[in-house]
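Trainee: Mind having a look at this structure? Questions to follow.
The values are calculated or read from the model by the stated rules, or taken from the named source; none is laboratory data. Source: prediction; values computed, not measured. So basically every Cβ, Gly included, is an ideal-geometry build from the backbone, and we count neighbours across all protein chains shown. Heads up: the accessible areas ignore ligands, DNA and RNA and are worked out on the full protein's heavy atoms, side chains in. Shrake-Rupley method; radii C 1.70, N 1.55, O 1.52, S 1.80 Å.
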Amino acid sequence: MKMNAQLSASATAARAHQEMFAYWASLRRGASLPSRVDLHPSGIKRMLPTVSLIDVRRGPDEAIDYRLRLAGTGLYSVYGREITGRTLEDVYNSAAVEYWRRELGKVVTERRPGVGVHSLAWKGSPHMSILWLRLPLASNGRDVDMILGYDAVVGAQAADQHSGIRAA
């Protein structure tokens, strides 16, 4: 029974990834990437709780850093706190920071979506994982300056997600 629930959660996550990718692809104009201003929350309403927007910040030496501009309320239960406005180093341990730098770097340099699975073992939840999708956005249609993220949490506690609002 537990295995069927996990498979069902994975299938639901895959469908949501397809839906998010189709939405992003519909915003493209030929070879140009969509920009942040092209996004309309009404187009992805049911997925908003685990959507994120990640700023791509380039330093004077062309080094790239990432900051979570927005993190949906459904991500609060994953991270145990608000992560909006935080950098990768503020959110993850060093191994997870390196993982995300590598994966986000591919999205930026290749100008293509990225998808993967990331275990939550780093935060003491080895039975849970994030099925993630990262989609490049570019104000000028070419240079990635923001990444649209969508995460689906799967695992033994995936059905026990919270809104991020907690009683005092």
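Trainee: Tell me, what HN-Hα J-couplings in whole Hz come from the Karplus equation 6.51 cos²θ - 1.76 cosθ + 1.60 at θ = phi - 60° for each residue of the stretch 62-70, using x for Gly and Pro?
Mentor: 6, 5, 10, 10, 10, 9, 6, 6, 8
Trainee: Now, a different point. Calculate log10 I(q)/I(0) of the stretch 25-157 for q = 0.09, 0.11 Å⁻¹, where I(q) comes from the Debye formula with a single equal point scatterer on each Cα and nothing for solvent.
Mentor: Rounded to two decimals, the profile gives -0.25, -0.38.
Trainee: Give me the net charge of Ala22's neighbourhood, meaning all other residues with Cβ under 15 Å from the Cβ of Ala22; Lys, Arg count +1, Asp, Glu -1. Each step should come with its number before you reach the end.
Mentor: On the way: positive: Arg15, Arg28, Lys45, Arg46; negative: Glu19, Asp38.
Spelling it out: positives minus negatives among the neighbours equals +2.
Trainee: What is the percent carbon and sulfur in the accessible area of the chain, measuring with a 1.4 Å probe over the protein chains and ignoring ligands?
Mentor: Carbon plus sulfur share of accessible area: 55 percent.
Trainee: So, one more: For the stretch 110-120, what does the Karplus curve 6.51 cos²θ - 1.76 cosθ + 1.60, with θ = phi - 60°, yield as ³J(HN,Hα) per residue in whole Hz, taken in order and with x for Gly and Pro?
Mentor: 8, 6, 10, x, x, 9, x, 10, 10, 5, 8
Trainee: Return one number: the angle in degrees, 0 to 90 and rounded to the nearest 10, between the long axis of the Cα atoms of helix 2-26 and the longest principal axis of the Cα atoms of the chain.
Mentor: For helix 2-26, the angle is close to 20 degrees.
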